[in-house]
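The values are calculated or read from the model by the stated rules, or taken from the named source; none is laboratory data. Only a predicted model underlies this, so the values are computations on that prediction, with no experimental measurement involved. Note that each Cβ is placed from the backbone with ideal geometry, even for glycine, and that neighbours are counted across all protein chains shown. Calculation scope for accessible area: heavy atoms of the full protein, side chains included, ligands and nucleic acids excluded. Shrake-Rupley method; radii C 1.70, N 1.55, O 1.52, S 1.80 Å.
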Amino acid sequence: AGQAVLHALVAALAVEALIRLWRVRTPDLRLAFRFLVLAFPIVILPAFFLLAPQRREEWFKERWALFSAERLGELALWGVGLDVLGLAFLSALGAALFLLDFAPFLAERLGGWWAPEPDIARDVTEGARQELEEVAGAMGLAAPPLLLLESPTPLLFCTGVLRPRLVLSRSTLESLDAEECRAALAHELGHLARRDPLLGWILMAARVVMFWNPVVQVVARAAVQETEWRADDLAVQAAGHSAALAGGLIKLSSREAEGQLTWWRRFLRGPLLAAHPARARAAAVEKRCRRLLDEDPSTAPRFAGLRVVLTGLALSLLLFFVV
């Protein structure tokens, strides 16, 4: 458990440094680096244990290990080793970060079992349906089913791994003008084009497996942000309205009022946790809008794939000697 946190932390810090050093701005490459970090505690570390059991021997820790977390156990506080205290603190932090996102994730899906099936959007969204078909054609996709929710909360999202569909609320249609609606639909189609609903389940599975690892929780959150940026780029390429997409994003986020939230969102925005979720959402929206309005296009550095592979090999070699 300690090695899983330590390996994830070293990999995350190294990858973040390289992303900044190489000025990696393309979401696809940034996402590849995020998954590389997640691979270390979930895949590569178990492979070390299976293929190189000698790493657990004392002679390896004494002669070859660059760092051994067990050495922290020689230092104690209140009779408890620092390795145990550190792991307990980090595990509690990781579990808190996990529950902060998993509780609403689970509540939405459990609530969906009892909620009525949304009505198929027909006459009230003919304009949106036409826009969806045009944008889908421009992206080389088949237009998915478009569903309407009679909800006062502005909603627009894609769902479904095997049978993808777009869901929007009447409040969204009332909030956005034609260009903003087209750009927003293109953004959701961008998610479907890259199979982001499936990717979201994979990321959630990684978070469940490593629910106690705070680094995995943070990196998985960052990966979700990369998917949003990637969908933004695909939407701009297809619809050509970066300002409209940013404007629609601001409108939808600003219309989210306390009285329109579900019970679990009210709980998360209660007195104890009010500041963090609200500030995090506002910061994420601001960051996406600034990026959308940036005139400098994102270009991948040379030999992008090779850089990911070499980074993975170098980190594997380094972390093999971290026990």
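Among the residues of the range 151-188, those that are aliphatic (A, V, I, L, M) and within 18 Å of residue 254 (Cβ to Cβ) comprise 155, 156, 168, 173, 176, 183, 184. Counting only helices (runs of 4 or more DSSP H) wholly contained in the range 166-263, the ones carrying 3 or more residues that are within 12 Å of the chain's Cα centre (by Cα) and at pLDDT 95 or above occupy 196-209, 214-239.
To keep it simple, each residue is scored yes or no on (1) touching a strand residue (DSSP E or B) at 6+ places or on another chain (Cβ under 7 Å); (2) modelled with pLDDT of 80 or more; (3) open to solvent by less than 70 Å² (accessible area, probe 1.4 Å).
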{"site": "61", "(1), (2), (3)": "no, yes, yes"}
{"site": "64", "(1), (2), (3)": "no, yes, no"}
{"site": "77", "(1), (2), (3)": "no, no, no"}
{"site": "80", "(1), (2), (3)": "no, no, yes"}
{"site": "86", "(1), (2), (3)": "no, yes, yes"}
{"site": "89", "(1), (2), (3)": "no, yes, no"}
{"site": "93", "(1), (2), (3)": "no, yes, no"}
{"site": "97", "(1), (2), (3)": "no, yes, yes"}
{"site": "101", "(1), (2), (3)": "no, yes, yes"}
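Test residue 3 against the stated conditions and say whether it is in contact (Cβ under 8 Å) with a residue 40 or more places away in the chain and either open to solvent by 40 Å² or more (accessible area, probe 1.4 Å) or not β-branched (Val, Ile, Thr) (or both). So residue 3 passes the test. Within the range 66-75, the residues that satisfy the criterion of being aliphatic (A, V, I, L, M) and open to solvent by 80 Å² or more (accessible area, probe 1.4 Å) are 66, 75. Scanning the range 23-56 for residues that are basic (Lys, Arg), open to solvent by 10 Å² or more (accessible area, probe 1.4 Å) and assigned to a helix (DSSP H, G or I), we see that the one that is modelled with the lowest pLDDT is 56. Does residue 72 count as at pLDDT below 80 and either more than 30 Å from residue 226 (Cβ to Cβ) or among the basic types (Lys, Arg) (or both)? Yes. For residue 117, the test of being modelled with pLDDT under 75, of a type outside the set (Phe, Trp, Tyr) and open to solvent by 90 Å² or more (accessible area, probe 1.4 Å) is passed.
Taking the numbered list (1) modelled with pLDDT under 90; (2) surrounded by fewer than 18 Cβ atoms within 10 Å (Cβ to Cβ); (3) out of contact with any helix residue (DSSP H, G or I) (no Cβ under 7 Å at 6 or more places or on another chain); (4) not in a strand (DSSP E or B) in turn, residue 147 passes all entries but (4).
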